[in-house]
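Here the structure comes first, spelled out in structure tokens, and everything after it is commentary.
The values are calculated or read from the model by the stated rules, or taken from the named source; none is laboratory data. These figures come from a predicted structure and were not determined experimentally. So basically every Cβ, Gly included, is an ideal-geometry build from the backbone, and we count neighbours across all protein chains shown.
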Amino acid sequence: MPEMSQKTWLVVVASLVLVIAFLGHQVADQNNVIGGLHSDNAELSLAKDQLVLDLEKMRFSYDTLETENSMMLAELAAQQERIDGLLTKVKNGYWEVARAKKEAETLRSIMKGYIGTIDSLNQLNTALLDENLAMKAQMEAVSQENADLVERQENMEDMLEAGQTLQVAEFLPTGVRVLSSGRQRDTDRADRCNSLRVCFTILENRIAPVGDKTLHLRITDPTGRVLPDESGSAELSASRTIDYARERLDACIFYNGADGNATLGLDAGTYLVEILEGAEVIGTTDLVLR
């Protein structure tokens, strides 16, 4: 094999240098491309992780929203499902990060609108609650005022009824002995009493109804027994009807016993004498017989 000339060797060496330089340049370019891809992948992974974090924060924010509006609750639940779906797609790599970011921004804008709406509803509910409390307090005050008025009216009616009751003064009970001549003589001897006379003065009362007034006499003996009336009833001793015209009036009621005996057969002692208008005692005093 003939030996190559020096010139030929130089050409071969130069060609090899050129090939090596070209290949080195290609390798450097590929390394740059690979490095760029690694950098892009790192940035994409970081962006994906950040997006997942933002979506999870947004999901938590939706969880913290509180409202009693049923329609708003349904809308919040729908948006939460939408966020959950987007999270699943981003984590599994089904969506492009840029597209997912745009969807996340839309969800965030919707959430801000819900926050404003819920805040307005809560303020309205607070205002309505305050108004209801004020109305309740006002109603309670009116109810109390009405109750006070009713009580005052009842008190006034009681006072008026009490004021219409007759009052007696100069209350004087006396034992009476009827002589054979028919004349009457006062006595304090129990065994000589044929009757008891109870005289009194009815005072003036400008608010009492005018007309007939039935007054009752009740006499209780020292043993606590009520002296019976002419019919034998032991609830009252005697009664009398007077014509009352709201002016001062003197009157007497006589007790003649239940059996018409010449004497009443009374025992010595202290007798309780009462004048009643209806069931109301309007005068009371004692009669002492010996």
Kindly check whether there is at least one residue in region 173-195 that is modelled with pLDDT of 90 or more and touching a Pro at 6+ places or on another chain (Cβ under 8 Å). no
Wholly within region 143-252, strands (runs of 3 or more DSSP E) carrying at least 3 residues that are touching a residue at least 24 places away in the same chain (Cβ under 8 Å): 168-178, 195-202, 211-220, 238-244
Here is a list: Asp250, Asp186, Asp191, Asp229. Which entry is over 57 Å from the mean Cα position of the chain (by Cα), surrounded by 17 or more Cβ atoms within 10 Å (Cβ to Cβ) and of a type in the set (D, E, K, R)? Asp229
Please indicate, with yes or no, whether at least one residue in region 201-215 is under 15 Å from Ala169 (Cα atoms) and over 57 Å from the mean Cα position of the chain (by Cα). no
Verdict on Leu287 being among the aliphatic types (A, V, I, L, M) and outside any strand (DSSP E or B): no
Within region 156-169, does at least one residue satisfy the condition of being modelled with pLDDT of 90 or more and in contact with a strand residue (DSSP E or B) (Cβ under 8 Å, 6 or more places away or on another chain)? no
